[in-house]
Amino acid sequence: MSWLYRNTLRPILFSQDAESIHNRTMRMLNWVGRQELRCDAMHSFLGAPELPVELFGLRFPNPIGLAAGMDKNAEALPAWAAMGFGFTELGAATWHAQPGNPQPRVFRAIAEDAIVNRMGFNNLGAETISEKLAEWKRLNRWPKHPVGMNLGKSKITPLDEAAEDYANSFRVLRPHLDFFVVNVSSPNTPNLRQLQDKKALDEIFSALHEVQRGSTRQTPILVKVAPDLSFEALDEILELTGPQNIAGIVATNTTISRPTSQDLAAQKVYSETGGLSGRPLNARSTEVIRHLYRQSKGALPIIGVGGIFDAADAWEKIAAGASLIQVYTGLVYEGPTICRNIVTGLLERLEERGEVHLHKAVGCDARG
Ligand SMILES: Cc1cc2nc3c(=O)[nH]c(=O)nc-3n(C[C@H](O)[C@H](O)[C@H](O)COP(=O)(O)O)c2cc1C
């Protein structure tokens, strides 16, 4: 099926501008999501086998999630479960609605299975997205898997008011969602990555915890890190996880670094400003995951993301220490059977090892 996608549908999709085809696909998935019958039909083709994971007090039917940035405004929410995903991370949502950077702002380096983007957190704003979430619930179309939200900082908000900006979004979105991810690692909002600094991050988490202080339901909040951080900077973030009750780390966002390439078209794409994702990010993101797993002695849940295209890539991330994984670029290049293919491959690998539960494999290559 994935061969069929790569050789038939993909060339047609890739002949068009990346963002236009993304928007058209989202409209189609919105249409699918509005009716149970259409979702059921999609699930019968694309649904993945069960490989349950329990984490953050939530049950994930399988460990493959949709990475942030694909469904920023929760347009296609019910469709992701129908496509076989075990969880969805929506967003990034910002407190103020914003258009993002001028187009074009997404570029495919096809020969290298990579994308460069500088979207700049285009989204409808937290309040409107919250209304959309309420509508999916009203329509009885809420998916049967965990749904989280990636939170970004509004471009117009100065860095020293970032904590309040994140907290405002969190306040209006929290009633609907199972987990949150504080995104301080996108390269496409000026100076955002400075918020990975320990003191700034400390302020943001204090403000978020203040919002849910006294509430009986404590929503897990994770932080998403850049692959470009040094191990020392990652260790500083780890020092915060205990005191600030950070539920886990999403590793990693896109990179500002560029590989060398012999391919002229890829070179042109790499010269664009923005964050690079896909195959060239794979090794660095695995390295970051392994470091975080070792330093935290396996005690801190890690969501692994960066250049996952198949079960072998997914297994590598899990063996390095990821309890869950996510895909973005892999979905674009491999097509909608990616979840089913990865989960099937993970089940085969577990069976070869005589294991039933995925958590036995988490960090198996990072220990000792
Ligand atoms: C077009 C595009 C938009 C993205 N938007 C976001 C975003 O809003 N928030 C975020 O945390 N990550 C965002 N990402 C990063 C992905 O969630 C993911 O961390 C990164 O692409 C690496 O995974 P991949 O190699 O599977 O794509 C975006 C990536 C792409 C390609």
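The values are calculated or read from the model by the stated rules, or taken from the named source; none is laboratory data. Nothing here was measured: the structure is a model prediction, and the numbers come from that model. As a convention, Cβ positions derive from the backbone with ideal geometry for all residues, glycine included, and neighbour counts pool all protein chains shown. These area figures cover heavy atoms from the full protein model, side chains too; ligands, DNA and RNA do not enter into them. Shrake-Rupley method; radii C 1.70, N 1.55, O 1.52, S 1.80 Å.
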**OP:** Determine the sum of side-chain charges near Leu139: Lys and Arg each +1, Asp and Glu each -1, restricted to other residues whose C-beta is under 11 angstrom from that of Leu139.
**Re:** +3
Original post:
If you take all C-alpha pairs in segment 274-368, what percent of them are over 15 Å apart?
Top reply: 57
Subject >> Accessible heavy-atom area order of Trp142, Trp136, highest first, probe of 1.4 Å >> reply: Trp142, Trp136
Original post:
Within the chain, what's the longest stretch lacking trypsin sites (Lys or Arg not before Pro) that sit in DSSP loops with no more than 13 other Cβ atoms inside 10 Å?
Top reply: 1-143
Subject >> Between segment 6-85 and segment 263-308, the Cα center-to-center distance that results, in Å >> reply: 22
Original post:
Counting DSSP beta bridges in the chain, what percent are antiparallel, to the nearest 5?
Top reply: 30
Subject >> Heavy-atom accessible surface of the chain: percent carbon and sulfur, 1.4 Å >> reply: 52
Original post:
If you place +1 on the Cβ of every Lys and Arg and -1 on the Cβ of every Asp and Glu, how big does the dipole about the Cα centre of segment 218-289 come out, in debye to the nearest 20?
Top reply: 360
Original post:
Under a point-charge model restricted to the Cβ atoms of Lys and Arg (+1) and Asp and Glu (-1), what is the dipole moment magnitude of the chain relative to its Cα centre, in debye to the nearest 20?
Top reply: 580
**OP:** Pick out, from Leu208, Leu159, Ala233, the residue whose Cα sits farthest towards the positive end of the charge dipole of segment 145-243, with +1 on the Cβ of Lys and Arg and -1 on the Cβ of Asp and Glu.
**Re:** Leu208
Original post:
Helix-derived [θ] at 222 nm for the chain: sum -39500 (n - 2.57) over DSSP H runs of at least 4, divide by residue count, nearest 500?
Top reply: -11500 deg cm²/dmol
**OP:** Please turn the phi angles of segment 104-111 into ³J(HN,Hα) values with the Karplus equation 6.51 cos²θ - 1.76 cosθ + 1.60 (θ = phi - 60°), one per residue in order, whole Hz, x for glycine and proline.
**Re:** x, 9, 9, 9, 9, 9, 5, 4
Subject >> the chain: Lys pairs at Cα distance under 14 angstrom, eight or more positions apart or on different chains >> reply: 5
Subject >> Surrounding net charge for Ser154, when Lys and Arg each add one and Asp and Glu each subtract one, Cβ distance under 13 Å >> reply: -2
**OP:** Choose one of Asn101, Ala126, Ala111: the residue whose Cα lies farthest towards the positive end of the charge dipole of segment 93-158 (beta-carbon charges +1 Lys, Arg; -1 Asp, Glu; about the Cα centre).
**Re:** Ala126
**OP:** First select every other residue whose beta carbon is under 15 angstrom from the beta carbon of Ser185; then total the charges, Lys and Arg +1, Asp and Glu -1.
**Re:** +2
**OP:** Could you rank Trp3, Trp315, Trp80 by how accessible they are, 1.4 Å probe, largest area first?
**Re:** Trp3, Trp315, Trp80
Original post:
Non-local amide H neighbours of Gly91 (under 5 Å, H modeled in plane, Pro and chain starts lacking H): which ones?
Top reply: Gly69, Asp71, Lys72, Asn73, Ala74, Asn150
Original post:
So how far apart, in nm, are the two label points at Ala200 and Ala265 if each is 7 Å from Cα heading toward Cβ?
Top reply: 3.7
